[in-house]
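The values are calculated or read from the model by the stated rules, or taken from the named source; none is laboratory data. All of these numbers come straight from a predicted model, not from anything done at the bench. Here the Cβ is made from the backbone with ideal geometry for all residues, glycine too, and neighbour counts use every protein chain on show. The accessibility values were calculated without ligands, DNA or RNA, using every heavy atom of the protein model including side chains. Shrake-Rupley method; radii C 1.70, N 1.55, O 1.52, S 1.80 Å.
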Amino acid sequence: MSATALALGLASPAMAGKADRAREAISAAEAKLQSADQAGAAQMLTAEQASAREELNHAKEALASGKKEDAIASANHAGAMAEANLGEVQHRKQAMNNARVQAAHEQAAAANAQAQDAQAQVADANARAEQANNAASSAAAEANAARQAAAATAAAAAEQQKQQEVAVTTTTSSPRRKVVHTKVVRKAPAHNSANVATSTTTTTVRTQ
């Protein structure tokens, strides 16, 4: 009897220690599951979190049944599953962040390319406008020169016409001298017509 009592006395602290270890393992597993849920595992890894929680419940049942070693193993397993889920959630979030950063860089690059293209178009438009202005200025200068040349030609023609009119006005013509022809006819008396001679006088008219 004393030997049996001694054996039971020695076993009790060991059994009590396993129960404490099981409860500690269960508490640690619960904390890890809560951390994973807060990180988003409940939404992103719903099935994996459900499996870890099921394993934790199995540990609690084992501890209640006195199966302390099974409870410790199940609790540790549940904690490991929760840690794995937390790591996967963090990995996925990092991947999504990297994707967003990459997308932002690509959008920024596209925006810069568009800005450069717009600047090139503006520069080309300015160059075309400058060419158009130069062409307009050249055309205006040519038109002005043509107007001046036409005005000079018209003035020269008017001056020439004026000089011709003055020359015609100042030119005098000598008056023509009119010569009157006089014809003298002498007739003899009728009774002596056979013997009378007729004389004719001719006057020449000269016109200067």
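Here are some notes:
- Residue match in segment 121-140 (condition: without any contact (Cβ under 8 Å) to a residue 12 or more places away in the chain, closer than 30 Å to Gly40 by Cβ, assigned to a helix (DSSP H, G or I) and out of contact with any helix residue (DSSP H, G or I) (no Cβ under 8 Å at 6 or more places or on another chain)): no
- Candidate set: segment 1-31, residues that are touching a helix residue (DSSP H, G or I) at 6+ places or on another chain (Cβ under 6 Å) and open to solvent by less than 70 Å² (accessible area, probe 1.4 Å); chosen: the one modelled with the lowest pLDDT: Lys18
- Filtered residue count, segment 61-71, keeping only those that are part of a helix (DSSP H, G or I) and within 14 Å of Arg21 (Cβ to Cβ): 6
- Scanning segment 49-59 for residues being open to solvent by less than 80 Å² (accessible area, probe 1.4 Å) and touching a helix residue (DSSP H, G or I) at 6+ places or on another chain (Cβ under 8 Å) gives a total of 6.
- Hey, Glu106 assigned to a helix (DSSP H, G or I) and open to solvent by 60 Å² or more (accessible area, probe 1.4 Å) or not: yes
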